Amino acid sequence: MTYQTDGGDAVVSAFNAVGVDYIFSSPGSEWAPVWESLARHHRDGLPCPRYLDLLHETVAVGMATGYALVTHRTQAVLLHAGPGLLQGSMAVHGALLAGVPMVMASSESITYGDGPGPDPGSQWYRNLSVVGGPHTIATPFTKWSNQAASVHTLTTMITRGAELASRAPAGPVYLNIPLEVLLDEWPGPAPKPVAARGATISSADDMQAVLELLAAAERPVIITETTGREPGGLAALVEFAETLRIPVVEPNSAVCVNFPRDHELHCGGEIEPFLDTADVIVLLNCRAPFYPPSREPARARIVVIDEVPQRPHIAYQVLGADFYLEGGVAATLRELAVRYTEQGFAVRPVDPTRHTAELMAIEEAESRARSSDRIDPVLVAAALRALLEERDAIVVDETITHSRIVQRHLRATTPDSYFYVQGGLGQGLAVALGVKLAAADRPVVLTIGDGAFLYNPIVQSLQAAAVNGLPLLIVVFNNAEYRSMKLNHLRFYPHGAAAETGEFLGNDLGDQPELAAFAEPFGMHGETVERAAELAPALDRALKAVRGGTTAIVNVHVTR
């Protein structure tokens, strides 16, 4: 059977060429040409990305984020006009901060029914139009935003967008594809498959200067936020740190597993003890290592190793570099380690003091937590660590006041086993679903505060989990308040009226619904835990339900 190819076929062809696995969509009426093209591909047995219909824009963007975090591959997201783009914008901003590549698209009409061809519908004239086009809306929270003004440039624009999305710093791009372009006849040809991007490292002279600096250092330290998110990054960092015998700190701004927390060179998450003692600080994939930004080390020389050290999307960034090594981080670390060994630099002894102190502090905190009948957040994180040990699990974290506890006491050691959700609250469920889509054989756990849970599109996310066979273990750290709101109030007004009377506005979540009950309409597992003795059995039951294919929500009432 023959048919007239149009812009919908161009979109699907371009997504095939750039290697898209999934089209995540919270759809609008403009996408009929793409749906028709996908239907033809399915009918004729032709390869095309899998299409997921999702009930909320945050779910669509968040799932694309989670999937790309694990696979490191650019995916596609289709939203609806300007309103759908705005609805998903918070998750898009999160993808930008997370450095996740994706190509998003939505649409508009450019003839408003006055042009030739099919009638686009009056809604574009009366309700959906945006002055300047929806690509102007997307500009502040995307890496690149543009309009595909012609079907003749449509595939090239998608290809260009995908290539821009994957280049460092990776991030979401947006393409406005007018409905008339989607409906227009597409003459082809099919686009050429996109080649993998090349690797780069700094010049030999630049690397030699850094090697000599590090070899002469007496108290060097590595600080890293996102090295583990680069393919091969964690292994390369281990090789580099072991070869040069340099301790590693993962600060509170770390968003993934960068270095094994059981390694003797891992020195916890606090930068401050090193700032006045280190003589060389290596900032490795760090976008904002010091706070306040003016808090400079007392005497350390600063080496920045990053593919793009100056992040364009950060409004204010202070690195204080004395040396830059710009290029692929994993490749640079491996090359530095090889050169250090080949040149016979002296082997620096390992000082286990800080690592031992960190282990002792973790054990002391967990011992205190075990001594109470009530549930301290430390106990929840420690119980999860014990439950997930040897299970190759992935933890997605959307806690706020408990995030440091989760990072510290999970003690993750392997790549892609922990991700912290970036940007505003309300994306955790969707990101975890995307992670599960990419890692179907691994248990995926979402740790989340009760306030963050209630920000999420809960119903739409649980529906996506059920329909697509993506079971999650959702563990809610429930302190019945927006605790970060209260803490910040006290930061500015420690002796104010609220502290005197106990009236903290913007804080109380005591009237929240029973969170575990959200599982019931979907036939999922849900239970609430209030006592320490109940915690481990409840988590074990929930994980068994997840392993059986059912999402489980464990609502844990914590003391703080």
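The values are calculated or read from the model by the stated rules, or taken from the named source; none is laboratory data. Quick caveat, the model's predicted, so the values are computed rather than measured. Positions of Cβ are generated from backbone atoms using ideal geometry, with glycine treated the same way; all protein chains shown enter the neighbour counts. Note: accessible area is taken over every heavy atom of the protein model, side chains too, but ligands, DNA and RNA are not part of it. Shrake-Rupley method; radii C 1.70, N 1.55, O 1.52, S 1.80 Å.
The residues packed around residue 150, meaning those with a beta-carbon under 11 Å from its beta-carbon, carry a net charge of -2 if Lys and Arg are +1 and Asp and Glu are -1.
Percent of C-alpha pairs per 10 Å bin in the range 231-370, short distances first: 11, 38, 37, 12, 2, 0. Taking GluC sites (Glu not before Pro) across the range 162-245, the ones in a DSSP loop with at most 14 further Cβ atoms lying within 10 angstrom of their Cβ are 218. Accessible area per residue (1.4 Å probe, heavy atoms of protein chains only) ranks 90, 104 as 90, 104, with the largest value leading. Computed from label points 7 Å out along Cα-Cβ, the spacing between residue 441 and residue 331 is 3.0 nm. Under the convention that each Lys and Arg Cβ holds +1 and each Asp and Glu Cβ holds -1, the size of the dipole of the range 236-352 around its Cα centre is about 180 debye.
Legend: calculated FRET efficiency, residue 374 to residue 270, from the Cβ-Cβ distance at R0 = 30 Å, rounded to 0.05, equals 0.65.
If you average the C-alpha positions of the range 1-47 and of the range 272-333 separately, how far apart do those two centres end up, in angstrom? So the two Cα centres are separated by 44 Å. Across the range 487-560, counting alpha-carbon atoms alone, Rg and Dmax equal 17.6, 52 Å. For the chain, find the longest principal axis of its Cα atoms and tell me its angle to the long axis of helix 532-547, 0 to 90°, nearest 10. It works out to around 40 degrees. Seen against the Cα atoms of the chain and their longest principal axis, helix 57-71 is set at about 60 degrees.
Legend: translational diffusion of the range 316-378 by Stokes-Einstein, Rh = Kirkwood radius over C-alpha pairs, 25 °C, 0.890 mPa s; D = 147 µm²/s.
Enclosing the Cα atoms of the range 79-213 in their convex hull gives a volume equal to 129 cubic angstrom per residue.
Surface analysis of the chain yields an accessible area of 42 Å² per residue, using protein heavy atoms and a 1.4 Å probe.
The calculated Kirkwood hydrodynamic radius for the chain is 25.2 Å, given to one decimal from all distinct C-alpha pairs. Spacing of the modelled spin labels on residue 490 and residue 360, each 7 Å from Cα toward Cβ, amounts to 2.8 nm.
Candidates 285, 336, 174 compared by Cα position along the dipole of the chain: farthest toward the positive end lies 336, with charges placed on Cβ. In summary, the range 316-423 shows an alpha-carbon radius of gyration equal to 1.46 times the 2.2 N^0.38 Å reference for compact globular proteins. Under the convention that each Lys and Arg Cβ holds +1 and each Asp and Glu Cβ holds -1, the size of the dipole of the chain around its Cα centre is about 300 debye. Seen against the Cα atoms of the chain and their longest principal axis, helix 204-216 is set at about 30 degrees.
Each peptide in 475-481, 454-460 receives the mean, over its residues, of other Cβ atoms within 10 Å, and ordering these scores from highest gives 475-481, 454-460. Cβ-Cβ distance of residue 308 and residue 498, R₀ of 41 Å, FRET efficiency by 1/(1 + (r/R0)^6): the value works out to about 0.45. Taking a quarter of the surface of the Cα convex hull of the range 419-534 gives a mean projected area of 9.1 nm². As a rough guide to protection, the peptides 385-391, 521-527 ranked by mean Cβ packing within 10 Å, highest first, stand as 521-527, 385-391.
Largest accessible area first, the listed residues 35, 144 line up as 35, 144 when surface is computed with a 1.4 Å probe on the assembled protein chains. Rg/Rh for the range 22-125 (Cα atoms only, Rh after Kirkwood) is 1.02. Accessible area per residue was computed with a 1.4 Å probe on protein heavy atoms; residue 143 scores about 70 Å².
Placing dummy labels 7 Å off each Cα toward the beta-carbon, the span from residue 341 to residue 386 is 4.0 nm.
Placing R0 at 60 angstrom, the Cβ-Cβ distance between residue 534 and residue 111 gives a FRET efficiency of 0.45 after rounding to 0.05. The convex hull of the Cα atoms of the range 252-321, projected and averaged over all directions, covers 5.1 nm². For the range 427-467, the spread of Cα positions along the three principal axes, ordered from largest to smallest, is 29, 20, 11 Å.
Here residue 544 is the anchor, and the aspartates and glutamates within straight C-alpha reach of less than 18 Å, apart from those fewer than 8 places off in the same chain, are 389, 390, 392, 441, 520, 527, 534.
Per residue, the convex hull spanned by the alpha carbons of the range 142-269 comes to 150 Å³. Amide hydrogen proximity for residue 147: with H placed 1.01 Å from N in the peptide plane, the residues at 5 or more positions away or on another chain lying under 5 Å are 176. Charge tally around residue 361: other residues with Cβ under 13 Å, Lys/Arg +1 each, Asp/Glu -1 each, net +1. Packing around the peptides 95-103, 198-206, taken as the average count of other Cβ atoms within 10 Å per residue, puts them in this order, highest first: 95-103, 198-206. To check you understand DSSP bridge types, tell me what percent of the beta bridges within the chain (both residues inside) are antiparallel, rounded to 5. Of the beta bridges lying entirely in the chain, close to 5 percent run antiparallel.
In the calculated pair-distance distribution of the range 355-478, the portion above 25 angstrom amounts to 24 percent of the Cα-Cα pairs.
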